[in-house]
Amino acid sequence: MPENEEQQNFISLKTALRLIKADTNFQMQLIKNGQLPDKHTFVLYSLPGMGKTQGIREMVTDPQQLCVIDINAEFGGSLSMPISHVDEERQTAQVLHALNASISRLKDHALEYPATPHFLFLDEFNRGDEFMKQTIMQLLLENRLPGNSLPENVFVVGAGNTAENIFSDEEMIENDVNELDTATRDRINPLFIQLEPKEWLDWAYANEVAPEVVDFIGSKSYHEQQELLYQPSKSADGTGATPRSWARLSSFLADPAIKNDPVLLRAAVFSMIGNDCGNQFLTYLTTGDPLDIFALLQKPDQEKFMQLSTGRKMAFFSSALRLVEQDLESENSRGYAQIFLNYLQTNDQTAVARFMHTQVETGVLEQRYPKTNVYLRKEPKFMQLVMEMSVNNI
């Protein structure tokens with residue numbers, strides 16, 4: 001472990017985004033009062049696939065108030081290996097033109113709505129050549145490019161890797177990044193993001209991640225969840241597991257042609273989460289008793305549901321919502337909503353509380369499943385549950 005690792009103050013992604021949001025609201029209040037804002041430059045550092053970009057997207061309510069630029073993907077390669085026949089002056093002009101074009105829509109929208117905060121998110125901000133580093137630091141620290149200043153209500157946030165891998169107890173890895181000098185580091189607010197399984201599971205419950213994934217990871221111990229959610233590849237060109245890759249695995253599991261073909265399923269799982277995690281997950285799928293959402297809705301079995309683990313109940317509550325909504329939209333409803341409500345009567349308060357927190361309190365139920373939301377709120381039993389959760393502060 002590096003000598004300075006213990007000095008790093010690791011926080012969860014949710015905490016980091018709350019801090020950015022709170023500071024932004026304060027700075028916007030200064031702007032509205034006619035005062036000059038004292039903007040803080042936040043930079044998120046974390047392992048890959050931790051959901052930084054997704055988190056920023058969810059923090060900003062209107063997509064027009066956000067511009068995301070992946071510096072490494074869009075500019076890193078061409079700048080790290082300059083084309084010999086393009087002189088530096090011309091290349092510089094091309095890069096500035098590309099950056100200005102990328103942020104022009106955000107700038108125009110910010111000028112049109114000066115009372116609303118807007119965000120420019122620079123992912124992999126410390127990759128690329130020396131010119132790119134200087135240009136990006138102008139955006140981060142001064143909110144401007146040469147000849148183009150950003151409006152006061154645009155806030156720039158960076159994300160990237162540290163020069164050394166401080167997130168793992170494994171052998172130290174040197175990352176290919178431009179290190180920041182002392183003067184620059186003094187002007188930014190680095191936020192070191194640590195994987196928090198409970199936060200990821202909350203997100204997974206609210207975002208229809210496959211019930212098999214939610215059930216498999218949710219049933220593990222905290223330490224096991226950490227190891228499963230982030231397992232780096234053992235080779236440079238191999239596959240490892242990250243929170244993002246587990247979520248993306250859902251698209252394969254939703255395809256019956258893949259899920260029901262052992263050969264295709266194995267290939268899909270290994271391609272997304274690597275061999276170690278993949279073998280554990282496939283064992284769960286093939287030898288365990290995977291949660292069958294359809295079966296519980298089509299053939300209600302309250303006794304069987306009561307015997308499910310807390311994690312499985314939570315996975316059901318999250319994953320069944322889309323089916324309930326589709327049933328309510330159908331001309332020939334099969335009564336899934338009432339069946340769902342009956343399952344909510346379980347005495348497993350942890351499972352019900354997680355449903356209330358991730359679906360009801362956050363507004364997910366109302367926004368994504370409007371018919372289900374209306375149906376449930378007309379039911380006294382459901383409103384009683386809402387009141388009980390509120391009174392008991394569960």
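The values are calculated or read from the model by the stated rules, or taken from the named source; none is laboratory data. Worth saying up front: this structure is predicted, and the values here are computed from it rather than measured. Neighbour counts run over all protein chains shown; Cβ positions are idealised from the backbone, glycine included. Just the protein is used for accessible areas: all its heavy atoms, side chains included, with ligands, DNA and RNA removed. Shrake-Rupley method; radii C 1.70, N 1.55, O 1.52, S 1.80 Å.
When residues in segment 114-151 are screened for being in a loop (DSSP other than H, G, I, E, B) and either buried (at least 17 other Cβ atoms within 10 Å of the Cβ) or at pLDDT below 90 (or both), 12 of them pass.
Give the residue, chosen from R312, R368, R322, that is at pLDDT below 95, among the basic types (K, R) and more than 17 Å from D292 (Cα to Cα). Steps first, answer last, please.
Values: R312 fails: more than 17 Å from D292 (Cα to Cα); R322 fails: more than 17 Å from D292 (Cα to Cα).
Every option except R368 fails the conditions.
Specify the residue that is surrounded by the fewest Cβ atoms within 10 Å (Cβ to Cβ); the eligible residues are those in segment 88-113 that are modelled with pLDDT of 80 or more and basic (K, R). Going through the qualifying residues, I end up with R105. Scanning segment 42-66 for residues that are within 17 Å of A110 (Cα to Cα) and open to solvent by 30 Å² or more (accessible area, probe 1.4 Å) yields R57, T61, D62, P63, Q64. Please work out if F192 is open to solvent by less than 20 Å² (accessible area, probe 1.4 Å) and touching a Phe, Trp or Tyr at 6+ places or on another chain (Cβ under 6 Å). In short, no. Please specify each residue of segment 276-293 satisfying the condition of being within 24 Å of the chain's Cα centre (by Cα) and modelled with pLDDT under 90. D276, the sole residue that qualifies.
Looking only at residues in segment 7-64 that are of a type in the set (K, R) and without any contact (Cβ under 8 Å) to a residue 12 or more places away in the chain, the one that is nearest to R244 (Cα to Cα) is R57.
Would you say D261 is over 21 Å from L47 (Cα atoms), open to solvent by less than 70 Å² (accessible area, probe 1.4 Å), within 25 Å of the chain's Cα centre (by Cα) and of a type in the set (D, E, K, R)? Step through it out loud before you land on a result.
Details: over 21 Å from L47 (Cα atoms): yes; open to solvent by less than 70 Å² (accessible area, probe 1.4 Å): yes; within 25 Å of the chain's Cα centre (by Cα): no; of a type in the set (D, E, K, R): yes.
Considered against the rule, which asks whether it is over 21 Å from L47 (Cα atoms), open to solvent by less than 70 Å² (accessible area, probe 1.4 Å), within 25 Å of the chain's Cα centre (by Cα) and of a type in the set (D, E, K, R), D261 comes out as no.
Any idea which residue in segment 265-291 is surrounded by the fewest Cβ atoms within 10 Å (Cβ to Cβ), counting only those that are among the polar types (S, T, N, Q) and either without any contact (Cβ under 8 Å) to a residue 24 or more places away in the chain or within 15 Å of P232 (Cβ to Cβ) (or both)?
Taking segment 265-291 first, the residues among the polar types (S, T, N, Q) are 271, 275, 279-280, 283, 286-287.
After this cut, where a residue has to be either without any contact (Cβ under 8 Å) to a residue 24 or more places away in the chain or within 15 Å of P232 (Cβ to Cβ) (or both) as well, the list is 275, 279, 283, 287.
On the way: N275: 16, N279: 14, T283: 11, T287: 8.
Once the filter is applied, the top-ranked residue is T287.
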